[in-house]
Amino acid sequence: MEYFEKIIQIEQPVDNIYSIIANINNYPDFLPFCDSSTILSTTEDVITAKIDFNFYSHKVSITTENKNIKNESIEMRLMDGPFNSFNALWLFSKNSSHSTNIKYSMEYQASNPITAILIKKNMNLFIDLFIKAFKKQIKKKEVS
């Protein structure tokens with residue numbers, strides 16, 4: 001089992017950040033490598049979604065059940081995808097009215113050895129690109 005964790009601080013209110021990360025429907029508009037996203041089901045606090053990625057012609061789909069606690073956390077649990085196991089957690093903590101800490105952690109085991117190597121070798125790059133895209137989207141929302 002592999003583990004990854006990243007903590008970042010963003011100079012934005014927690015509700016701005018949470019609303020962008022929780023809005024899976026908009027991922028194809030700004031998230032690198034994301035070809036499409038589909039909400040499969042939704043209840044008051046649980047969303048089941050499928051996201052299709054294309055990493056340099058290596059296509060991957062992942063379906064997760066996401067338990068959302070507004071402005072606090074998003075807990076992701078694997079339903080289907082290129083993993084034997086996958087659990088991820090976004091934690092949001094408000095520093096001030098205009099500053100938020102985000103902790104992203106994931107524990108996973110890839111089902112394919114090639115996928116495992118790709119993930120392990122490129123995890124920091126992918127996460128940094130995703131965070132940069134989320135930050136850009138947050139700033140875009142702030143302007144509009």
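The values are calculated or read from the model by the stated rules, or taken from the named source; none is laboratory data. Values in this document were obtained by computation on a predicted structure and should not be read as measured data. Backbone-built Cβ (ideal geometry, glycine too); neighbour counts: all protein chains shown.
Would you check which residues across the stretch 36-78 are out of contact with any Leu (no Cβ under 8 Å at 6 or more places or on another chain), in contact (Cβ under 8 Å) with a residue 24 or more places away in the chain and either charged (D, E, K, R) or exposed (fewer than 15 other Cβ atoms within 10 Å of the Cβ) (or both) and list them?
Those that are out of contact with any Leu (no Cβ under 8 Å at 6 or more places or on another chain), in contact (Cβ under 8 Å) with a residue 24 or more places away in the chain and either charged (D, E, K, R) or exposed (fewer than 15 other Cβ atoms within 10 Å of the Cβ) (or both): Asp45, Lys59, Ile69, Lys70.
Got at least one residue in the stretch 19-33 being part of a strand (DSSP E or B), at pLDDT 90 or above, in contact with a strand residue (DSSP E or B) (Cβ under 6 Å, 6 or more places away or on another chain) and under 25 Å from Thr100 (Cα atoms)?
no
Taking Asn26 as meeting all but one of (1) farther than 21 Å from Met123 by Cα; (2) in contact with an Asp or Glu (Cβ under 8 Å, 6 or more places away or on another chain), write down the number of the exception.
(2)
Which one of these does Ile17 not meet: (1) in contact (Cβ under 8 Å) with a residue 60 or more places away in the chain; (2) touching an Asp or Glu at 6+ places or on another chain (Cβ under 7 Å)?
Of the numbered conditions (1) in contact (Cβ under 8 Å) with a residue 60 or more places away in the chain; (2) touching an Asp or Glu at 6+ places or on another chain (Cβ under 7 Å), the odd one out for Ile17 is (2).
Out of the stretch 88-108, which residues are in contact with a helix residue (DSSP H, G or I) (Cβ under 8 Å, 6 or more places away or on another chain) and either within 17 Å of Ser61 (Cα to Cα) or not polar (S, T, N, Q) (or both)?
Trp90, Phe92, Lys94, Ile102, Tyr104, Tyr108
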